[in-house]
Amino acid sequence: MALILTFLGKGGVGRTTVAIATAKRFASQGKRVLLAIQEAGPAPGLMLGVNLETDPKDLAPNLQVVQFQAATLLERNWEELKKLEAKYLRTPFFKEVFGQELGVLPGMDQALVLNAIREYDSSGQYDVIVLDGTGDQTTLRMLGMPEIASWYIRRFRKVFADSDLGKTLSPFIQPITSAVLNVGWTEDIFNQPMAQQANNLLEEGRKAIADPNRVVAYLVVTEDEGAIATAKYLWGAAQQVGLTIGGVIFNRASDISLDPFFAPLPVNPIPTQPFNDWQPLMDALPNFDQASQAPRAIAINVAERKVSLFLPGFDKKQVKLTKYGPEITIEAGDQRRNIFLPPELSGKPVTSAKFQDSFLIISF
């Protein structure tokens with residue numbers, strides 16, 4: 001399993017520059033590195049001095065680079081889908097549709113990129129994957145897909161099972177699916193081999209995002225007021241998807257101190273990069289091994305019957321707590337998080353909630 005590292009921040013703060021320097025430094029340390037670039041345009045290739053391709057290519061010793069193209073990823077994933085269809089369905093109906101004729105729908109590119117990262121991670125070929133993504137809410141929604149998708153499955157599975165429709169259809173599911181599929185199904189449509197495989201992948205994704213030794217992000221800022229405000233907002237939003245923010249990289253650093261804006265995160269100043277000389281920037285980068293010491297997004301204390309969420313960048317008016325179903329939902333900014341409670345707290349009413357020092361503390 002690789003360490004997956006990405007960077008968040010306002011456009012123009014130098015995220016791509018920092019990502020390239022990070023990949024080069026890990027490679028110089030003997031790590032097997034993949035620099036994965038999400039931007040489809042020519043700018044990253046010009047910075048690297050190579051023509052980027054949709055398959056990994058050697059850039060330097062221990063370092064490969066790949067540029068994602070959503071259309072190519074869609075074509076490849078469609079062929080895999082057709083193989084699964086042929087495996088499970090007696091009469092496949094997607095076989096006459098070809099990946100080369102499909103267009104990329106909005107949001108589809110994020111899912112395709114996330115799956116590509118998962119495949120490169122599981123290949124065992126890399127120690128570090130540096131993702132140069134969009135660096136904004138889109139990246140956070142992409143990384144939060146496993147958490148969100150698993151919630152949809154949990155919630156709608158229960159809703160369907162308890163509904164009159166679900167109870168009416170259950171006796172007919174097994175004979176109908178036996179006539180259509182090459183495998184036998186039970187009455188529970190959510191407890192089938194394909195569904196279990198999908199659930200396992202989502203669970204692996206959720207655990208990876210929550211583990212700072214597996215997936216971590218750093219904020220990249222300049223002294224620009226808008227860049228600082230955007231970074232603080234993304235810091236809080238990252239907590240909503242369970243992503244650890246390991247620290248702040250102060251690009252093109254000046255004499256001002258950013259510590260008051262981002263405490264308790266460490267702020268690492270780095271100089272302006274000399275043209276075509278990456279070494280000073282590589283030397284100035286933070287120690288990425290210390291990311292696990294950063295504040296965790298959530299802490300659950302069963303003994304005290306409390307749940308604490310770290311939500312920096314937001315004030316009390318921007319945070320909303322609701323409990324409609326078996327889980328509690330936290331809304332902060334433009335992100336929602338459904339917290340899956342342990343059995344000791346599940347179903348218990350919320351007795352109090354307070355927002356103090358950037359922590360939302362919920363008591364049961």
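The values are calculated or read from the model by the stated rules, or taken from the named source; none is laboratory data. If you're wondering where the values come from, they're calculated on a predicted model, not measured in any experiment. Quick reminder, even Gly has a Cβ in these numbers, built from the backbone with ideal geometry, and neighbours come from all protein chains shown. Ligands, DNA and RNA are stripped out before the accessible areas are found, and what is left, the full protein with its side chains, is counted by its heavy atoms. Shrake-Rupley method; radii C 1.70, N 1.55, O 1.52, S 1.80 Å.
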The helices (runs of 4 or more DSSP H) lying entirely within the range 57-163 that contain at least 1 residues which are modelled with pLDDT under 85, hydrophobic (A, V, I, L, M, F, W, C) and in contact with a helix residue (DSSP H, G or I) (Cβ under 6 Å, 6 or more places away or on another chain) are 70-88, 145-162
Between residues in the range 267-279 that are among the polar types (S, T, N, Q) and residues that are open to solvent by 40 Å² or more (accessible area, probe 1.4 Å), which pairs lie under 8 Å by C-beta distance while being six or more apart or on different chains?
-> Thr272/Arg252; Gln273/Pro280
Of those in the range 1-21 that are aliphatic (A, V, I, L, M) and in a loop (DSSP other than H, G, I, E, B), the residue most open to solvent (accessible area, probe 1.4 Å) is Met1
Based on what the data block shows, is Val215 among the aliphatic types (A, V, I, L, M), crowded, with 21+ Cβ neighbours inside 10 Å and under 12 Å from the mean Cα position of the chain (by Cα)?
-> yes
Hey, among Val307, Val302, which residue is crowded, with 18+ Cβ neighbours inside 10 Å, more than 26 Å from Ala23 (Cα to Cα) and at pLDDT 90 or above?
-> Val307
Conditions (1) surrounded by fewer than 21 Cβ atoms within 10 Å (Cβ to Cβ); (2) closer than 14 Å to Met282 by Cβ -> Lys24 fails only (1)
For Ile249, indicate whether it is in contact with a Lys or Arg (Cβ under 8 Å, 6 or more places away or on another chain), open to solvent by less than 40 Å² (accessible area, probe 1.4 Å) and either part of a helix (DSSP H, G or I) or at pLDDT 85 or above (or both).
-> no
If you go through the range 218-245, how many residues are of a type outside the set (Ser, Thr, Tyr), open to solvent by 20 Å² or more (accessible area, probe 1.4 Å) and either without any contact (Cβ under 8 Å) to a residue 40 or more places away in the chain or part of a helix (DSSP H, G or I) (or both)?
-> 5
Return the only residue of Gln279, Gln293 being at pLDDT below 90 and either open to solvent by 30 Å² or more (accessible area, probe 1.4 Å) or touching an Asp or Glu at 6+ places or on another chain (Cβ under 8 Å) (or both).
-> Gln293
